[in-house]
Amino acid sequence: MRIRLDIAYDGTHFRGWAKQPTLRTVQGTLEAALARIVGSDVQFVVAGRTDAGVHASGQVAHVDLDEKQWSRIEARQGRAPLEPAETIAGRMRGVLGAYSDVTVTRTSIAPEGFDARFSAVWRRYRYRLADGQAGYDPLRRHDTTVVRGRLDEDAMDAAARTLIGLHDFAAYCKPREEATTIRTLLDYRWERDADGVLVAEVKADAFCHSMVRALVGACVAVGEGRLDVDDLVVLRDALTRTSEFKVLAARGLILTEVGYPADELLSSRATQTRARRDGANG
């Protein structure tokens, strides 16, 4: 039985999503919680493998439960008015405890063909940045990066929009062996919220390692006047990593949403994505 899990977490004290021996990770914490409920080990597949310190409000994962594991879910349903799959979220929250820095907001039986990673058609991230105009809010120190001086948000927004489209983003990615850096950037924009904090919305079919934080760092360099609006395209098309801008801290980054096609297209999308990945790595 394949279960979809909708997940949120404060990434501050996690060493990223992916399970690692002896380190506290989101995947490791959640898998341990569910294993206590179903009585044996489980393995999650996730839409976006976030780095250490990155947060999420709209992360999605799936897990496959065997017959014995599923029978434990059904047997413990009791008089709950929910379907058995829907009770998993509450049980996991109980195991994780009050005021946990990770939670499961919803669980459900996954539609046929659903794959949390390969069926996804886009991921959306938000980045929060406080400059001299916004000031420092200690209550938001875990999810907002602070920079000195006042940034030009109009120049940052204009620069961000020049990068939208299907391109090779090697200049904005930390290289990984046999991994493609060609991505479709669907949306990238900046604006100030009601508190004056600069907020970036970044959406793409997928992101390579550290790509969002590099894109943010490049726009900060524009906002500081160190780079011109048109420089970001020039740097992108050079296809090499550069020291012209910094990769900003993880603390300001949050995965807010993952998009999927209609249920009848989930399987074909997953097949298409796997084929493209295998072709890029072949």
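The values are calculated or read from the model by the stated rules, or taken from the named source; none is laboratory data. Keep in mind that what you see is a predicted model, and the values were worked out from it rather than measured. Here the Cβ is made from the backbone with ideal geometry for all residues, glycine too, and neighbour counts use every protein chain on show.
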Quiz item: Is it fair to say residue 128 is assigned to a strand (DSSP E or B), outside the structural domain of residue 50 (by TED's automatic domain parsing) and touching a residue at least 24 places away in the same chain (Cβ under 8 Å)?
Solution: yes
Quiz item: In region 90-107, how many are of a type outside the set (Asp, Glu) and under 20 Å from the mean Cα position of the chain (by Cα)?
Solution: 7
Practice problem: Among the residues of region 137-192, count how many are among the small types (Gly, Ala, Ser), closer than 23 Å to residue 208 by Cβ and part of a helix (DSSP H, G or I). | Solution: 4
Practice problem: Among the candidates 214, 204, 218, single out the residue that is in contact with a Ser or Thr (Cβ under 8 Å, 6 or more places away or on another chain) and not charged (D, E, K, R). | Solution: 204
Self-check item: Spans of helices (runs of 4 or more DSSP H) in region 1-116 with at least 3 residues crowded, with 19+ Cβ neighbours inside 10 Å
Solution: 26-38, 84-96
Quiz item: closer than 29 Å to residue 261 by Cβ and in contact with a strand residue (DSSP E or B) (Cβ under 7 Å, 6 or more places away or on another chain), is that true of residue 214?
Solution: no
Quiz item: When you go through 227, 186, 166 one by one, which is the residue that is crowded, with 19+ Cβ neighbours inside 10 Å and at pLDDT 95 or above?
Solution: 227
Practice problem: Evaluate the following for residue 74: is it more than 25 Å from residue 259 (Cα to Cα) and in the same structural domain as residue 25 (by TED's automatic domain parsing)? | Solution: yes
